[in-house]
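Here's the structure we're looking at; comments come further down.
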Amino acid sequence: MGRFDKYNVDLKGLKAAPLEMEFDLDNAFFGDIDGEEFQKGSVKALVKVKKNRDVFDFSFELSGTVVVPCDRCLDDLEIDVDTENELRVKLGDDYADDGDIVIVPEQDGDINIAWYLYEFIALALPMKRVHAPGKCNHEMTGKLKKHSPEESDGGDTDEQEIDPRWAGLKNIQIEEDN
């Protein structure tokens, strides 16, 4: 039995009644999936599958926390995750994923949703991942300030040397018609 076999959904054997599955995604899951965004967390996943003719509508409800490195100090930062996502799957000849619908080969007849669970969590994370003000590792923020370029002393940076080709534009007077 493989690491992600419990995330296989048998589409061929799915009856007309909706299917519900619950998963507890923990550090072992995130470590095994070996994603780049994060490797620790505790997320509850509720997955519902409805069969509508030849299309399978997946509904994902994910809630919990994941641990990511802080963008500023690199210490662990716990981020809450609460997201709902949809996925449409259809049986076909060859595997295809065009963004709107995933086509699974009919001879296989099943889909593994482990990577989709990981991706939906990753997409729910904010772009900027930093601790609240004053909560970052003070040693690391000190090093960051030490090695960051100095900011200007408050002078207007717009009035630095102007390309002489454009300097003449400052002297043009525009007359307004009233």
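No value in this document is a laboratory result; all are computed from the given coordinates. No experiment lies behind these values; they were computed from the predicted model shown. Ideal geometry is used to build each Cβ from the backbone, glycine not excepted, and the neighbour counts take in all protein chains shown.
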Under 1.5 on a/c is rounded, so check that first for the chain, then, if it is not, pick prolate when a/b is larger than b/c and oblate when it is not; a ≥ b ≥ c are the square roots of the alpha carbon gyration tensor eigenvalues.
-> oblate
Please give the helix 138-147 orientation as an angle from the longest Cα principal axis of the chain, in degrees from 0 to 90, rounded to the nearest 10.
-> 50
Tilt of helix 114-124 relative to the longest C-alpha principal axis of the chain, in degrees (0 to 90, nearest 10)?
-> 30
Quick one: length gained pulling Asp5 to Glu36 fully straight, 0.36 nm per residue minus the C-alpha distance?
-> 9.0 nm
Using helices alone, what [θ] at 222 nm do you get for the chain, with -39,500 (n - 2.57) per DSSP H run of 4 or more residues, divided over all residues and rounded to the nearest 500?
-> -5000 deg cm²/dmol
Approximate spin-label separation Val55-Thr83, in nm, with each point projected 7 Å along Cα-to-Cβ = 2.2
How would you rank 126-135, 61-70, highest first, on the average number of other Cβ atoms within 10 Å across their residues?
-> 61-70, 126-135
